[in-house]
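**Student:** Would you mind keeping the following structure in view while I ask a few things?
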Amino acid sequence: MIRFDGAGKRHPDGTIAVGSLDLDVPTGRITVLVGPSGCGKTTLLRMVNRMVEPTSGRVLLDGTDVAELDAAKLRRGIGYVIQQAGLFPHRRVIDNIATVPYLLGQDRKKARARAAELLELVGLAPETARRYPFQLSGGQQQRVGVARALAADPPVLLMDEPFSAVDPVVRAGLQDELLRLQSELNKTVLFVTHDIEEAVKLGDQVVVLHEQGRIAQLADPHTLLTAPADDGVAAFLGRDRGLRGLALRPASTVDVRPTADGLRYGSWELTLDDTGRPIGWIDRAADAALLPAAGYRPATDTLRAALDAAVLSPAGVAVALDAEGRALGTATREAVLAALSAGLPAAPAPAGRTTTGRAEDAPATDGDPDGATGGR
Amino acid sequence: MDDEPLVRWYWIGDHLGYLGGLLADHAVIALVPVLIGLLLALPLGLACARFPRLYQPLAAVFNIVYALPSLAVFVVLIPYTGLATRATVMIPLTFYALAVLLPTTVDGLRAVPEPVRQAATAMGYGPWHRLAAVELPASVPYLVAGVRVAAVSSISLASVGALVGRGGLGYLFIDGFQRTFPTPIVAGIVLIAVLALATDVVLVTARRLLAPWAVREKAVTR
């Protein structure tokens, strides 16, 4: 565990980067520090590996004040990933990854074998090993940066906006990869970002920081999105935080009507090809062209994806797909809404109206309130 | 001089051995100082990168040295190192090489991107170790560029040494001028150009071997 014990940093010119912070970073979990630039989050991160020395208070690593440890030795035991990857331009990918094992005096052959394993672990092709950093895309460089940080199998990983410099699609891929890695490796991760969306996606616990490292809120992502501590945090979270909260919840809770039970909704009918993949929606009443069928994968997607597919569909019905893209069944907007209201505090019914009235329009089954879990 | 052709080929044919000897002497006088200058510039440059306060005074000293006319320095040295000795010419040339190579070494080390430096520190390199294992190899393209400038300027400057009796191919210019006989002058110019070109080819090859990543990087960004 990393413990910040009244840790503060005052620059020689008197400006205060971090006032005084108390924070526990639990072992084996991802803790995200999020806040606007200048809130001291990077300073805090660097206190852990002594790239910044606190001017007050202490930082404890498993109970030991890091100030008492030799800086170079301490750092070899802590993985570090930064925004621009910071790969060594003169070393091939394999030797970049093996940097810390070499520094620890490991045998070259053994270190390279380990580096090759890590290359695979972060999803890079074996032939990447012989390349130089400049021959890689930004996303690939970042993967190498993560592999290099993991090479000596450190229990602690510090990540300073590691995915901020890559485009959104690559970033989402890298985030998913990090979550997959973390489910296997269970590192103690301290992750810094200015992107609240990233914080909410990755964090087991999210620390929203104001300027000078003051904690505005410390919560799990679900609590953060549904119950921000104050208006400042709410503003930082953005206006659609309710919708974004859906991205934290699995789509598997949505009730799906199996394909065998029929594919017709009113005049709309879903057509499938021979292999069971959806082709599109046909309006039997209008004899119009086929409209595309939006789908989601219940096994891996979130409620947000399911809702999105239902909103996009002309029939108001999302298609549930298996890993190969074959239709498992269909889910109406009402089914998706039922799944997303499950697990939330019940909304008081407005006077004079029932909230279930519209569900009768569609042949959807009711949402299963017990199936929803909510949050990660 | 009006009737004198630019090149009398028979003279060159008659003096091949002599020209070869001057060429070899010129190469030693001009290039050994560059090598020594590099060997001095590396530790000095590393020290300046580690302790930045050193750099300004050192750079000032070498700039002043570089500004001194080479002929004046040769003449001043004669009482100590002797007339027509290699040392008289090579000592100033070493300082000129150093004056070029110290700034390129320091600039090269400083040009290493900050994220690379930070990553190296965070991986657990101490300051000296980081300079030697990360920043120095990463600045090889800069170093080679500096050595190329220093080598060419040294090859050119070495001919001035002929005025104090030891200038390799430079002697051909004095000889040709005194006899109003252009052939040795032309031969000297051509041989100096050939020496400069050959040196450059060797240095570019050295860069390809030492920093293959930098060569390919250039090709890609073009």
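The values are calculated or read from the model by the stated rules, or taken from the named source; none is laboratory data. As the structure is a prediction and not an experimental result, all values here were calculated from the model. Every residue, glycine as well, gets a Cβ built from its backbone with ideal geometry; the counts of neighbours run over all protein chains shown.
**Student:** State yes or no: is A:Arg130 within 12 Å of chain B (Cβ to nearest Cβ) and loosely packed, with under 15 Cβ neighbours inside 10 Å?
**Tutor:** Numbers: within 12 Å of chain B (Cβ to nearest Cβ): yes; loosely packed, with under 15 Cβ neighbours inside 10 Å: yes.
Yes.
**Student:** Sticking with this one: If I go through the stretch A:1-40 residue by residue, how many of them are under 15 Å from A:Leu202 (Cα atoms), hydrophobic (A, V, I, L, M, F, W, C) and in contact with a Ser or Thr (Cβ under 7 Å, 6 or more places away or on another chain)?
**Tutor:** Residues in the stretch A:1-40 being under 15 Å from A:Leu202 (Cα atoms), hydrophobic (A, V, I, L, M, F, W, C) and in contact with a Ser or Thr (Cβ under 7 Å, 6 or more places away or on another chain): 3 in total.
**Student:** It is to be established whether one or more residues within the stretch B:117-127 are touching a Lys or Arg at 6+ places or on another chain (Cβ under 8 Å), within 11 Å of chain A (Cβ to nearest Cβ), at pLDDT 90 or above and surrounded by fewer than 20 Cβ atoms within 10 Å (Cβ to Cβ).
**Tutor:** yes
**Student:** A follow-up question, please. Which number in (1) surrounded by 20 or more Cβ atoms within 10 Å (Cβ to Cβ); (2) closer than 21 Å to A:Asn49 by Cβ; (3) away from chain B (no Cβ under 14 Å); (4) not hydrophobic (A, V, I, L, M, F, W, C) marks the one condition that A:Gly145 misses?
**Tutor:** (3)
**Student:** For residues that are within 14 Å of chain B (Cβ to nearest Cβ) and free of Cβ contacts under 8 Å to residues at least 40 places away in the same chain, scanning just the stretch A:91-110, find the one that is nearest to the chain's Cα centre (by Cα). Explain how you work it out, then say what you get.
**Tutor:** Initially, the stretch A:91-110 is screened for residues within 14 Å of chain B (Cβ to nearest Cβ), giving A:91-106.
Filter again for free of Cβ contacts under 8 Å to residues at least 40 places away in the same chain, leaving A:94-95, A:102-103, A:105-106.
Working: A:Ile94: 27, A:Asp95: 29, A:Tyr102: 32, A:Leu103: 32, A:Gly105: 35, A:Gln106: 34 Å.
Filtering the stretch A:91-110 for residues that are within 14 Å of chain B (Cβ to nearest Cβ) and free of Cβ contacts under 8 Å to residues at least 40 places away in the same chain, the one nearest to the chain's Cα centre (by Cα) comes out as A:Ile94.
**Student:** What are the residues in the stretch B:47-72 that are hydrophobic (A, V, I, L, M, F, W, C), in contact (Cβ under 8 Å) with a residue 60 or more places away in the chain and more than 19 Å from B:Leu136 (Cα to Cα), if any?
**Tutor:** Across the stretch B:47-72, the qualifying residue is only B:Leu71.
**Student:** Do the conditions hold for B:Leu98, that is, is it within 17 Å of the chain's Cα centre (by Cα) and part of a helix (DSSP H, G or I)?
**Tutor:** Numbers: within 17 Å of the chain's Cα centre (by Cα): yes; part of a helix (DSSP H, G or I): yes.
Criteria met by B:Leu98.
**Student:** When residues of the stretch A:15-48 are filtered for being within 26 Å of the chain's Cα centre (by Cα) and either outside any strand (DSSP E or B) or not assigned by TED's automatic domain parsing to the domain that holds A:Arg214 (or both), how many remain?
**Tutor:** Step one: of the stretch A:15-48, the residues within 26 Å of the chain's Cα centre (by Cα) are A:21-48.
Now restrict to residues that are either outside any strand (DSSP E or B) or not assigned by TED's automatic domain parsing to the domain that holds A:Arg214 (or both): A:26-29, A:35-48.
The number of residues fulfilling the criteria is 18.
**Student:** Also, I was wondering about something else. Give the residue that is surrounded by the most Cβ atoms within 10 Å (Cβ to Cβ), with candidates limited to residues of the stretch A:288-346 that are within 15 Å of A:Leu270 (Cβ to Cβ) and of a type in the set (S, T, N, Q).
**Tutor:** The extreme case among them is A:Thr330.
**Student:** Within the stretch A:175-188, track down each residue that is surrounded by 17 or more Cβ atoms within 10 Å (Cβ to Cβ) and farther than 16 Å from A:Thr31 by Cα.
**Tutor:** Within the stretch A:175-188, A:Glu177 is the sole residue that qualifies.
**Student:** If I filter the stretch A:151-174 down to residues being within 12 Å of chain B (Cβ to nearest Cβ) and of a type in the set (Asp, Glu), which single residue comes out as surrounded by the most Cβ atoms within 10 Å (Cβ to Cβ)?
**Tutor:** So, considering only residues that are within 12 Å of chain B (Cβ to nearest Cβ) and of a type in the set (Asp, Glu), the one surrounded by the most Cβ atoms within 10 Å (Cβ to Cβ) is A:Asp160.
**Student:** Then there's this: Facing chain B (nearest Cβ under 10 Å) and free of Cβ contacts under 8 Å to residues at least 40 places away in the same chain, is that true of A:Leu74?
**Tutor:** Working: facing chain B (nearest Cβ under 10 Å): yes; free of Cβ contacts under 8 Å to residues at least 40 places away in the same chain: yes.
Yes: the conditions hold for A:Leu74.
**Student:** Does A:Leu190 count as assigned by TED's automatic domain parsing to the domain that holds A:Asp95, over 13 Å from the mean Cα position of the chain (by Cα) and part of a loop (DSSP other than H, G, I, E, B)?
**Tutor:** Details: assigned by TED's automatic domain parsing to the domain that holds A:Asp95: yes; over 13 Å from the mean Cα position of the chain (by Cα): yes; part of a loop (DSSP other than H, G, I, E, B): no.
No.
**Student:** Within the group B:Val144, B:Val190, which residue is surrounded by fewer than 22 Cβ atoms within 10 Å (Cβ to Cβ), more than 10 Å from chain A (Cβ to nearest Cβ) and free of Cβ contacts under 8 Å to residues at least 12 places away in the same chain? Show your work before the answer.
**Tutor:** Numbers: B:Val144 fails: free of Cβ contacts under 8 Å to residues at least 12 places away in the same chain.
Being surrounded by fewer than 22 Cβ atoms within 10 Å (Cβ to Cβ), more than 10 Å from chain A (Cβ to nearest Cβ) and free of Cβ contacts under 8 Å to residues at least 12 places away in the same chain holds for just one of B:Val144, B:Val190, which is B:Val190.
**Student:** From A:Leu136, A:Leu69, which residue is on the phi < 0 side of the Ramachandran plot, in contact with a Ser or Thr (Cβ under 8 Å, 6 or more places away or on another chain), more than 9 Å from chain B (Cβ to nearest Cβ) and surrounded by fewer than 22 Cβ atoms within 10 Å (Cβ to Cβ)? Walk me through how you get there before you give the answer.
**Tutor:** Working: A:Leu69 fails: in contact with a Ser or Thr (Cβ under 8 Å, 6 or more places away or on another chain).
Of A:Leu136, A:Leu69, the one residue that is on the phi < 0 side of the Ramachandran plot, in contact with a Ser or Thr (Cβ under 8 Å, 6 or more places away or on another chain), more than 9 Å from chain B (Cβ to nearest Cβ) and surrounded by fewer than 22 Cβ atoms within 10 Å (Cβ to Cβ) is A:Leu136.
**Student:** Only helices (runs of 4 or more DSSP H) wholly contained in the stretch B:113-222 count here; list those with 3 or more residues that are of a type in the set (Val, Ile, Thr) and within 18 Å of the chain's Cα centre (by Cα).
**Tutor:** Counting at least 3 such residues, we get B:140-158, B:182-210.
**Student:** Just to check your reading of the model, which residue among A:Asp62, A:Asp5, A:Asp22 is at positive phi and among the acidic types (Asp, Glu)? Talk me through it step by step, then tell me what you get.
**Tutor:** On the way: A:Asp5 fails: at positive phi; A:Asp22 fails: at positive phi.
Criteria check complete, one pass: A:Asp62.
**Student:** Report, by residue number, each residue of the stretch B:102-116 that is at the interface with chain A (Cβ under 9 Å from one of its Cβ atoms) and either within 18 Å of A:Val100 (Cβ to Cβ) or surrounded by 21 or more Cβ atoms within 10 Å (Cβ to Cβ) (or both). Lay out the reasoning, then the answer.
**Tutor:** Residues of the stretch B:102-116 at the interface with chain A (Cβ under 9 Å from one of its Cβ atoms): B:112-116.
B:Val112, B:Pro115, B:Val116, listed by residue number.
**Student:** Any idea which residue in the stretch A:79-90 is farthest from the chain's Cα centre (by Cα), counting only those that are within 8 Å of chain B (Cβ to nearest Cβ) and not aromatic (Phe, Trp, Tyr)?
**Tutor:** Restricting attention to the stretch A:79-90, the residues satisfying the condition of being within 8 Å of chain B (Cβ to nearest Cβ) are A:80, A:82-90.
Filter again for not aromatic (Phe, Trp, Tyr), leaving A:82-87, A:89-90.
Working: A:Ile82: 17, A:Gln83: 16, A:Gln84: 19, A:Ala85: 19, A:Gly86: 22, A:Leu87: 24, A:Pro89: 29, A:His90: 32 Å.
Per the stated criteria, the residue is A:His90.
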